[in-house]
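Enquirer: Pasting in a structure now, in structure tokens, and then I'll have a few things to ask.
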Amino acid sequence: MNLALLRVCAAVMIMNSLYNIASLLFNRFYAEMTGDIEPLGFFIASLLLCVIIFALGTVALVKQNVLVLKIYAVWIAICILGGTVVDIMNFNRLPLGVSYSHLFNSLLERIVNPMIVFVVAVFFIEPKKATQFGLLQFCTAFFMVDGANDMIQSIVSLFKGAESFSIVNAVLALLPIALGVFAIVKRNSLILKIYAVIAFVELLWGSLGYMRENMYGGYYVASAFVGLMFNTFLVVCVATFFIEPEKTRAYFQKVKSLFVKWKEMT
């Protein structure tokens, strides 16, 4: 059994459920303030489901229960497939003249989704045959799928018009794909660790910038804060430092020694 992969998949399951719980509570609170309240029964059922998923994720982590993760992976796959069908049906009900880009963006967010990597990875925790799919491959694939989503959006924006296209965003989207290919081919975990730090800084900077731009809109600031705190991407960033942990400790020692030398010089 690949225990490292099991723990990270369980952590992703737990973090995803925490995000859904926080989002449900926050949206309910905001809806009560605005008066746009959904039926209480639907809210309680949704919240209860997320709490059950959180509890099962904890069981999977503590008891090392792969079956729970596989059931959750199947559930995620069904939700993605069902959501795709619903998006297509809802688009067909929209008035004529609505751009297909609306449907394309919805399908892109569902299909080119890093959680697809989670769905596949769960079934490699206890492989029937020898496999090379481990924590390094999981983190690499997660980063590459996330980058592919951003890259496709950048390409679409390029065809829409030069004003909506950003070279910086395109480069940042291409970066995890290029580094991912290098990490897989060379089996280099250091490059993943470096990218994890870059990605975390980028995520933090983007979230803080969004909060600053919308500082007078409490809903947008709070939703961005929830998205930052309960983000499965952060779990994977942290997980990269558990790939070849002995090397990670050596890297930290080198950084620490460099910091001490710099401090002595100043």
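Enquirer: Look through Leu234, Leu228, Leu208, Leu204 and report the one residue that is in contact with a Leu (Cβ under 9 Å, 6 or more places away or on another chain) and farther than 30 Å from Leu3 by Cα.
Expert: Leu208
Enquirer: Anything in the stretch 80-120 that is at pLDDT 85 or above, open to solvent by 60 Å² or more (accessible area, probe 1.4 Å) and not hydrophobic (A, V, I, L, M, F, W, C)? List them, or say none.
Expert: Arg110
Enquirer: In the set Leu69, Leu18, which member is assigned to a helix (DSSP H, G or I), among the hydrophobic types (A, V, I, L, M, F, W, C) and farther than 21 Å from Ser223 by Cα?
Expert: None of the others qualify; the one that does is Leu69.
Enquirer: Right, here's the next one. Scan the stretch 212-231 and give yes if some residue there is at pLDDT 90 or above and under 18 Å from Asn113 (Cα atoms), otherwise no.
Expert: Taking every residue of the stretch 212-231 in turn, at least one turns out to be at pLDDT 90 or above and under 18 Å from Asn113 (Cα atoms).
Enquirer: In addition: Collect the residues in the stretch 203-257 that are of a type in the set (Gly, Ala, Ser) and under 23 Å from the mean Cα position of the chain (by Cα), keeping them in residue-number order. Step through it out loud before you land on a result.
Expert: Start the filter on the stretch 203-257 by keeping residues that are of a type in the set (Gly, Ala, Ser), which leaves 206-207, 209, 217-218, 222-224, 227, 239, 250, 257.
Gly206, Ser207, Gly209, Ala222, Ser223, Ala224, Gly227, Ala239, listed by residue number.
Enquirer: State which residue pairs qualify: first residue without any contact (Cβ under 8 Å) to a residue 24 or more places away in the chain and inside the stretch 77-94, second residue open to solvent by less than 70 Å² (accessible area, probe 1.4 Å) in any location, beta carbons under 8 Å apart, and separation of 6 or more residues or different chains.
Expert: Taking only residues 6 or more apart or on different chains, the pairs are Asp87/Leu103; Asp87/Ser106; Asp87/Leu107; Ile88/Leu103; Ile88/Leu107; Phe91/Val98; Phe91/Leu103; Phe91/Ser106.
Residues checked against (1) basic (Lys, Arg); (2) closer than 18 Å to Leu228 by Cα; (3) at pLDDT below 95:
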{"residue": "Ala22", "(1), (2), (3)": "no, yes, yes"}
{"residue": "Leu25", "(1), (2), (3)": "no, yes, yes"}
{"residue": "Thr34", "(1), (2), (3)": "no, no, yes"}
{"residue": "Phe43", "(1), (2), (3)": "no, no, yes"}
{"residue": "Ala55", "(1), (2), (3)": "no, no, no"}
{"residue": "Gln64", "(1), (2), (3)": "no, no, yes"}
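Enquirer: Return yes when Glu264 is at pLDDT 80 or above, open to solvent by 40 Å² or more (accessible area, probe 1.4 Å) and acidic (Asp, Glu) and no when it is not.
Expert: For Glu264, the condition - at pLDDT 80 or above, open to solvent by 40 Å² or more (accessible area, probe 1.4 Å) and acidic (Asp, Glu) - is not met.
Enquirer: Then there's this: If you go through the stretch 38-55 one residue at a time, do you hit one that is open to solvent by 40 Å² or more (accessible area, probe 1.4 Å) and not in a helix (DSSP H, G or I)?
Expert: Yes; the residues of the stretch 38-55 include at least one that is open to solvent by 40 Å² or more (accessible area, probe 1.4 Å) and not in a helix (DSSP H, G or I).
The values are calculated or read from the model by the stated rules, or taken from the named source; none is laboratory data. Because the structure is a prediction, the values reported are computed rather than measured. Note that we place each Cβ from the backbone using ideal geometry, even for glycine, and neighbour counts take in every protein chain shown. Ligands, DNA and RNA are stripped out before the accessible areas are found, and what is left, the full protein with its side chains, is counted by its heavy atoms. Shrake-Rupley method; radii C 1.70, N 1.55, O 1.52, S 1.80 Å.
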